[in-house]
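Since the structure comes first, as structure tokens, the remarks are kept for the end.
The values are calculated or read from the model by the stated rules, or taken from the named source; none is laboratory data. All of these numbers come straight from a predicted model, not from anything done at the bench. Cβ coordinates were reconstructed from backbone atoms using ideal geometry, including for glycine residues, and neighbour counts include every protein chain displayed. Heavy atoms of the whole protein, side chains included, go into the accessibility calculation; ligands, DNA and RNA do not. Shrake-Rupley method; radii C 1.70, N 1.55, O 1.52, S 1.80 Å.
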Amino acid sequence: MACFFRRKIAAELAKTLQQSEDALLPALTAVPVFKKQQSADFKLSLGALRINGILPSSGDIQLQTENLAAQLKPDSVVEDISVGPGLINFKVNRSLLAEKLLEPFGKGEGFNFGLNSDLFDTSKRGTTLVEFSSPNIAKKFHAGHLRSTIIGNFIANLKQSLGNNVIRMNYLGDWGMQFGLLGAGFNSFGSMGKLKENPLQHLFEVYVQANKEAEHSEDMKHAAKDFFRQLEQHESQAMSLWQQFREITVKEYQHIYKRLGIHFDVYSGESFYQVQTQEVVRELQSRCLLKISPKGTGVVDLSPKEDMSNICTLVRSDGTTLYITRDIAAAISRKEKYCFDEMIYVTDKSQENHFNQLFQILLTMGHSWGERCRLVSFGLVQGMKTRMGEVVFLEDVLDEAQARMLHNMNQSNTTKELEDPKDTAEKVGISALIVQDFKGHLLSGYKFDWDRMLQAQGDTGVFLQYTHARLCSLLRRNEGVEEATFNPTCLCEQTGITILQHLLRYDEVLYKSNQDLQPKHLVNFLLKLCHFIASAHRELPVKGSPPEVAQARLRLFGGACSVLASGMRILGITPVQKM
């Protein structure tokens, strides 16, 4: 593990600088590696030591660097110490590097590699509630909800893998005037038979027809208002129909989520918080926080000078509440029910102002835990099309990804005969969707590109899956190899050392991902690992090597395979064993 080496280096530094090891650890990081280029393993940033007050912030930093390096001596762990610009580089003993890094995989503990690092000792573990996906009911799953769904799943996976209790919540859009129109439309144009045959398609058709009717028919408008009034008053017939729409939708959505390998612990929705919303309004009134605007609306003044220059509307002039009022009620209710330590919302960046206001209002109401609520926002995807044209529904995207991947697999000479080619194509196609989405910063939108996304040789999800399947095949073929005692000195070639050096960074990558909740760090780490594995596969043959060498190389490939699979699962990718 990387923490073994960090601790050893920090211990020597602590003696020299007369500081605690823990104070020095943040300044010590693994050095990023490049193909076929020898480099040190760890670097100490003198700038970080100056910022943290361990070294004087004045004076020539390079002189400080050289003076400190001169006081450090190589030992049984560190075999070379060198100086860079404001950095001290440490090269660790190559045999010890292989021994310590690959030790967990020999003990069957590789599943925890990087996750039990001491980097996370100061991270508070607790209950994390992640709200993501959140489509509207009575509609087919729109492709626009893909990003929220897979990003939220990544965050939940990451938090859970680091030892947190995670609650995955889907907050459905299941309330509002549109359900008045849908209910009235169904009463006029709906068919129970068609609802059973193709539920969401039929509800979509009913809604479109009712909407057209309402454009020129006052009767339909009145019927819609009347149906929604019945819902708000919980009249049994209207509630029964609405409940049916909701249950049908959740059942249909669960089919999509199953294809994506995603589950939810809670299906919540706006409809859950009608009573609590009125309680929020009364509390705001009692605290004199709810003010009446000239338009007769109920607003909260969020301006620093309390001059109404920045207001948030919570109540319409007719007394009905808005989406944000229900969000406030939902947040308070969740805190009471789940006692979360942090709550994370995943939505597109157009809702940033909404959530900034939400968090500010919670704090204004005296809920200090509002500081532990955060938004992870993302940009939009452009040009998502299938062969049939513009994409509307996510199911069409998944079908297209599967079909294209199956076609590519059938064209490939290297594709093995599979028990279930469609299932493999589905998993690999979804991997391609996820990696294309996660390679850049989430706030950046990107242009959807089927051809680039499904390439087997580029930086794609297909490449990740291909590398994993290839490693699994190598390990399967050599299951019968008699295991000699692992000899780390047999891993002396630079190609193998490069993989080991890259694995040193895994816990730092997970740590950084946990800080900013950006999947790009992990995606790019795994893609780079796959490139290093490809080189090692060519240059470090197992077959025909002496038993001791073959065993050492299998340990290296087995460790790399384990880390690759672990990282893929955190991203929400199901690794395939054959393709």
Antiparallel versus total DSSP beta bridges in the chain: what percent is that, nearest 5? 55 percent
If I fit a long axis through the Cα atoms of helix 177-189 and take the longest principal axis of the Cα atoms of the chain, what angle between them do I get, 0 to 90°, rounded to 10? 60 degrees
Please give every one of the lysines within straight-line cross-link reach of Lys305, meaning a C-alpha to C-alpha distance under 16 Å, and leave out same-chain neighbours fewer than 8 residues apart. Lys291
Can you give the FRET efficiency to the nearest 0.05 for Arg229 and Glu279, using r as the Cβ-Cβ distance and R₀ = 25 Å? 0.70
Where the Cα atoms of region 1-131 are projected onto their three principal axes, how long is each span, largest first, in whole Å? 47, 39, 29
What length, rounded to one decimal in nm, is gained on full extension from Asn410 through to Arg259, with 0.36 nm per residue of separation minus their alpha-carbon distance? 52.2 nm
Could you tell me the center-to-center distance, by alpha carbons, between region 1-22 and region 81-114 in angstrom? 14 Å
When the Kirkwood radius is taken over all Cα pairs of the chain, what Stokes-Einstein diffusion coefficient follows at 4 °C and 1.567 mPa s, in µm²/s? 47 µm²/s
Simple SL model, points at 7 angstrom along Cα→Cβ for Phe111 and His441; separation in nm is 3.7 nm
Show me the three semi-axes of the equivalent ellipsoid for region 283-371, from the C-alpha gyration tensor (sqrt of 5 times each eigenvalue), largest first, rounded to whole Å. 22, 14, 14
Length released on extending from Ser191 to Gln494, taking residue separation times 0.36 nm less the Cα-Cα span: 102.2 nm
In Å², what does the accessible area per residue of the chain work out to with a 1.4 Å probe? 46 Å²
Around Val78, which amide H atoms from residues at least 5 apart in sequence, or from another chain, sit under 5 Å from its own amide H, with H modelled in the peptide plane? Asn93
Find, among the GluC sites (Glu not before Pro) in region 472-579, those assigned to loop by DSSP (not H, G, I, E, B) with at most 15 other beta-carbon atoms within 10 angstrom. Glu479, Glu482, Glu483, Glu493
With labels modelled as points extended 7 Å from the Cα through the Cβ direction, what inter-label distance (nm, one decimal) is found for Asp449 paired with Val208? 3.3 nm
Kindly express, to the nearest 10 degrees and within the range 0 to 90, the angle between helix 494-503's C-alpha long axis and the longest C-alpha principal axis of the chain. 40 degrees
How big is region 124-203 by the Kirkwood estimate over distinct Cα pairs, in Å? 14.9 Å
Helix-only mean residue ellipticity at 222 nm, the chain, DSSP H runs n ≥ 4 weighted -39,500 (n - 2.57), per residue, nearest 500. What is it? -17000 deg cm²/dmol
Quick one: how many lysine pairs in region 36-130 have C-alpha atoms under 18 angstrom apart, if they're 8 or more apart or on different chains? 5
Between region 122-198 and region 274-313, the Cα center-to-center distance that results, in Å: 29 Å
How much FRET efficiency would the formula 1/(1 + (r/R0)^6) give for Lys512 and Glu419, where r is the Cβ-Cβ distance and R0 is 51 Å, rounded to 0.05? 0.85
Can you tell me the orientation of helix 352-364 relative to the chain, as the angle in degrees between its alpha-carbon axis and the longest Cα principal axis, to the nearest 10? 80 degrees
In this structure, the FRET efficiency calculated for Ile51 and Met308 from their beta-carbon separation, with R0 = 25 Å, to the nearest 0.05, is 0.05
Surface share of carbon and sulfur [accessible, 1.4 angstrom probe, percent] for the chain: 48 percent
One point scatterer per Cα, no solvent, Debye formula: log10 I(q)/I(0) for region 449-540 at q = 0.17, 0.18, 0.20, 0.26 Å⁻¹ comes out as -0.91, -0.99, -1.12, -1.31
What are the trypsin sites (Lys or Arg not before Pro) within region 93-145 that DSSP puts in a loop, where the Cβ has at most 10 other Cβ atoms within 10 Å? Lys107, Lys124
What distance in nm separates the two pseudo spin-label positions at Arg538 and Asp219, each 7 Å out from Cα along the beta-carbon direction? 7.5 nm
